[in-house]
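Input: a single structure, listed below in structure tokens.
Read the figures in this text as sums done on the coordinates, not as results from a lab. None of the values given here were measured: they were computed from a predicted structure. Virtual Cβ from ideal backbone geometry, glycine too; neighbours counted across all protein chains shown.
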Ligand code: CLF
Ligand code: SF4
């Protein structure tokens, strides 16, 4: 549960200060400022489109779309669409009516859930009737839930009117390439208007339709995120070009995701031994693109039936046998109250961050270091080391704290006992971090982490504040890198 829901608050709150430019906008033109404010409002409660929002708001997916109209070489149809999901995951299929009931149940139980996405298990627009029927039912009964869609783009332009009409304000297209020759190595076929296209011909058709879809979204003023699956040796060097083209064509956000490939997934790439990128390779391409447009780095490659904050998947609490027995307790007013509490907390958090950052001055040769954070959300260091299923990694220099990735780890505490193998795995996963910031940690793991060159900081406070304080101490100790 996030802090406002549990009633706790940020320690260093001061009255809210006037906004200074916001969103990186330097213009004084009131039209531009107004546009930025509108844009900010559109993404403010979307955990994927806003990195900051993902600490506070949750999303859910409903798996209503089984069919697909293309074949990606990293996908096995027994599983969820790997364009938006972690391969090897199977979601329970729902009818639109079951899906609508599930959304209303969860909207009551997790009021910070603000976005409903349809992302599979196949392609939502290869199943237009089921997808749009589901959205229709939700738009009617739960008007405060934002609708979101993720597609390979083949049928996007053909459905743009329906998308607009249903007020679906966020659409993701997966663009892995803008070169049909590269595309021929990624897609084995494309099925369009009762005909199957293979090789370069199929990849060319898909690309044309994706660009057409992107254009249609731009004209309809719908926010578009682009996902790209990074495949070393095939499209890794080419993604900077993809980034440039999508930016020129109006995409708002770029999410470069690592290929996850293993023989047991039974995919073409899994069986041919195609590897995924390392963390370092992924970050390097993301950094190369970052100067051009907003990059998403907090994607969790979630399931087609994911529920909860990104990084805390609660889908198993709402399997079909369970949610069908639960009453639909959607209450608009109660949800608005919770959202107002979250917004108040966010303002406090923002003020606290601004205060900390305002006092920091860049020291000469200040090193850029990584720290790993255990958090349950809310933008705070607030989780016990032993309970963390993932660590959020931030890059810190003397004045800035930047989220760069998350790293999944197995639970360290298994019924109260630390497992050696799991612990070693955690150390390996965060080996490039100088410190781990946690709410609590036992003496023994603390000692072992230190032996591995990782300091621990115990705190319950704003992530940026704890990270900057650690950085200051790290520099004072004479560390230069
Ligand atoms: Fe779902 Fe995707 Fe909408 Fe988000 S997920 S349809 S934009 S509501 Fe988000 Fe999940 Fe990454 Fe997708 S973390 S896989 S980017
Ligand atoms: Fe699989 Fe999604 Fe590609 Fe279709 S679009 S083949 S479901 S990864």
Next on the checklist: Quick check on the exposure proxy: order 62, 462 from fewest to most C-beta atoms within 10 angstrom.
Outcome noted: 462, 62
Item to check | Gyration tensor verdict on the stretch 229-352 (Cα atoms; rounded if a/c is under 1.5, prolate if a/b is larger than b/c, oblate otherwise) | outcome: oblate
Checklist entry - Looking at the square roots a ≥ b ≥ c of the eigenvalues of the Cα gyration tensor of the stretch 138-253, which shape do they give, rounded for a/c under 1.5, prolate if a/b is larger than b/c, or oblate? => result prolate
Checklist entry - Between the helical axis of 420-429 and the dominant principal axis of the chain, each derived from Cα atoms, what acute angle in degrees is found, rounded to the nearest 10? => result 80
Item to check | Percentage relative contact order, the stretch 224-339, counting C-alpha pairs under 8 Å, at least six apart | outcome: 23
Next on the checklist: Output the 0 to 90 degree angle, nearest 10, between the alpha-carbon long axis of helix 239-248 and the longest principal axis computed from the alpha carbons of the chain.
Outcome noted: 70
Checklist outcome for this item: A correct Stokes-Einstein calculation for the chain, using the alpha-carbon Kirkwood radius, 10 °C and 1.306 mPa s, returns a whole-number D in µm² s⁻¹ of 68
Item to check | DSSP-defined antiparallel bridges as percent of all bridges, the stretch 361-476, nearest 5 | outcome: 65
Checklist entry - In whole Å, what three semi-axes, largest first, describe the equivalent ellipsoid of the stretch 62-104 built from its Cα gyration tensor (square root of 5 times each eigenvalue)? => result 22, 10, 8
Checklist entry - Once the mean 1/r over all distinct Cα pairs of the stretch 250-297 is inverted, what Kirkwood radius in angstroms do you read off? => result 12.1
Next on the checklist: Need one number: % antiparallel among DSSP beta bridges in the chain, to the nearest 5.
Outcome noted: 45
Item to check | Extension gain from residue 340 to residue 395, taking 0.36 nm per residue of separation minus the Cα-Cα distance | outcome: 16.7 nm
Next on the checklist: Please compute the contact order of the chain in relative form: average sequence separation of alpha-carbon pairs under 8 Å and at least six residues apart, divided by the residue count, as a percent.
Outcome noted: 16
Checklist outcome for this item: Between the Cα axis of helix 128-141 and the main Cα principal axis of the chain, the angle (0 to 90°, nearest 10) is 50
Checklist outcome for this item: The exposure ranking of 225, 109, fewest beta-carbon neighbours within 10 Å first, is 109, 225
Checklist entry - For the residues 284, 85, what sequence is obtained by ranking on other C-beta atoms within 10 Å, fewest first? => result 284, 85
Checklist entry - Cα-based Rg of the stretch 361-476 per 2.2 N^0.38 Å, rounded to two decimals? => result 1.01
Item to check | the chain: calculated mean residue ellipticity at 222 nm from DSSP helix runs of at least 4, using -39500 (n - 2.57) | outcome: -11000 deg cm²/dmol
